[in-house]
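Below is one structure, written out as structure tokens; comments come after it.
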Amino acid sequence: DDDPAATPLARMRELLAADPDLRPRIVPYLGGADLNTSPTLSPSRFVIDLGDRSEHDARQWPALMAILEAKVKPERARKSQDMARWPWWQFWRARKDLYARIRGLPRVLALARVSQHLALAFVDVDMIHSEQLVLIADASDATFAVLQSRVHEIWARFFSSSLGDGLRYAPSDCLDTFPFPPDWRADAGLAALGARYHQHRAAIMRRRGEGLTATYNRLHDPDERDPEILELRELHATLARA
């Protein structure tokens, strides 16, 4: 609703009220800003997803195609030759292999590609994830514990490029090179710690109505003395020791 180039959410609600069968074709869209600012890690936008259907088959949803024709087709025509030649009603470079890997998972780890803090969270798989998110096809609390630890953050900041004071996370530099602890997925204590950390942080975010960035700003503020943040700070240190 805050983007004049987009279609208002009211129009989406009108379309769904008139034809509930459109629901599978209008999908939540999670971006890096949503991940870092939403207290519930919820998307604020939706996208039309017609898959890889032909134009003939896609026109069985004329109301959706009308939006794509008005909003997407002219924009695609101004892009590079490769993108301009791509069917304008389809996503370009949709990462089908990745979505096939995460489809069977109950959740997936995500972090913003560019962020002030290294902050990972579990998100739903049944949505479209922006290119500005890094997805890690893993649902393990132990994996979350390792990657959210200070050990991994120091590694990531050393090997990644920066954007101002922020971290620009590149999986090839920060994740593929990272020396995971031996048998970390089988470590029940590490998994329990990761689950406790994630749940405590989520509870803080919901109660305060603040997202990941605001929460970690508090965690790193030496003057912050809120008991919930002090507990999160101790959990953060405990992850590193574990």
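Worth pointing out:
- Accessible carbon and sulfur surface of the stretch 2-128 relative to its total accessible area, %, 1.4 Å: 53
- Whole-number percent relative contact order across the chain, with pairs defined as alpha carbons under 8 Å at least 6 apart: 20
- FRET E, pair Asp2, Gln132, Förster distance 25 Å, beta-carbon r, rounded to 0.05: 0.90
- Residue-averaged 222 nm ellipticity for the chain, from DSSP H runs of 4+ at -39500 (n - 2.57), nearest 500: -13000 deg cm²/dmol
- For the stretch 19-88, the relative contact order is 22 percent, taking Cα pairs closer than 8 Å that sit 6 or more residues apart in sequence and dividing their mean separation by the residue count.
- Computed from label points 7 Å out along Cα-Cβ, the spacing between Arg107 and Met12 is 2.2 nm.
- Computed lengthening from Arg78 to Arg53, 0.36 nm per intervening residue step minus Cα-Cα distance: 6.7 nm
- With all protein chains in place and a 1.4 Å probe, the accessible surface of the stretch 190-242 carries 50 percent carbon and sulfur.
- Heavy atoms of the protein chains alone define the surface here; on that basis the stretch 85-242 has 52 Å² accessible area per residue at 1.4 Å probe size.
- Scanning the chain for long hydrophobic helices, with DSSP H runs required to stretch 18 angstrom or more by C-alpha along their axis and to average at least -1.0 on the Kyte-Doolittle scale, returns 188-208, 227-241.
- Euclidean distance of C-alpha centroids, the stretch 199-219 and the stretch 33-103, integer Å: 31
The values are calculated or read from the model by the stated rules, or taken from the named source; none is laboratory data. Everything quoted here is computed from the prediction, not taken from an experiment. No Cβ is skipped: glycine too gets one built from the backbone with ideal geometry, and neighbour counts run over all protein chains shown. Just so you know, the surface numbers come from the protein's heavy atoms only, side chains and all, with ligands and any DNA or RNA stripped out. Shrake-Rupley method; radii C 1.70, N 1.55, O 1.52, S 1.80 Å.
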